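Down below is the structure, laid out as structure tokens.
The values are calculated or read from the model by the stated rules, or taken from the named source; none is laboratory data. Because the structure is a prediction, the values reported are computed rather than measured. Heads up, the Cβs are rebuilt from the backbone with ideal geometry, glycines too, and the neighbour counts pull from every protein chain shown.
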């Protein structure tokens, strides 16, 4: 179903309560798109890999990370490798808290070289340490950085479909109904939120590997903090 068709379905259900909802088509479409992003954030079914040449890394003004990778629309990064010739060397994820235990002197004296760890500044920005550049000339080391990650769905036009499997499009309708009704404190909103959660929970088992613990919805709803199975 297209964005327009899903919006009409939502509006039909809402019209049973209030005819004025027919004048809020744009708002319903916004909620459907928001629901698609929430669905993808939980399920993480849109998996891609990206290869970036070390020479193309972006400068970063940061004490720890002098180069970073930008991933537009990324939700979560699963794995990163430094490809050196025929070798794919896995990088370990680190945290800023861990780096604070390393003395500033050691950090400043760490020469650029093959990257060993990465830090997620944001879902779409990754820092590498050590900096994969030669210390003296500032030339990049040979090799590539390979990232395996989940991304957000593309935003559809009215006559286009969402990047959501057809059997789970009903979840977007539930989400749009939840967002529309929660504004008026309509008691049915929680029922639609529960239905959305049930659909994403099932989709996560079949399609993806996203976390759901304590996931907070716009509008105030919150999924109970629980995990029915462990991620791969």
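Return yes or no: is residue 188 under 16 Å from the mean Cα position of the chain (by Cα) and either at pLDDT 90 or above or surrounded by fewer than 22 Cβ atoms within 10 Å (Cβ to Cβ) (or both)?
Numbers: under 16 Å from the mean Cα position of the chain (by Cα): no; either at pLDDT 90 or above or surrounded by fewer than 22 Cβ atoms within 10 Å (Cβ to Cβ) (or both): yes.
Here the answer is no, as residue 188 does not meet what is asked.
Filtered by the rule that a residue be closer than 12 Å to residue 164 by Cα and outside any helix (DSSP H, G or I), the range 37-55 gives 44, 45, 46. Of everything in the range 194-209 that's touching a helix residue (DSSP H, G or I) at 6+ places or on another chain (Cβ under 7 Å) and within 23 Å of residue 79 (Cα to Cα), which residue is modelled with the highest pLDDT? Among those residues, the one meeting the criterion is 203. Name the single residue that is nearest to residue 48 (Cα to Cα) among those in the range 96-125 being at pLDDT 75 or above and assigned to a loop (DSSP other than H, G, I, E, B). Taking the candidates together, the pick is 124.
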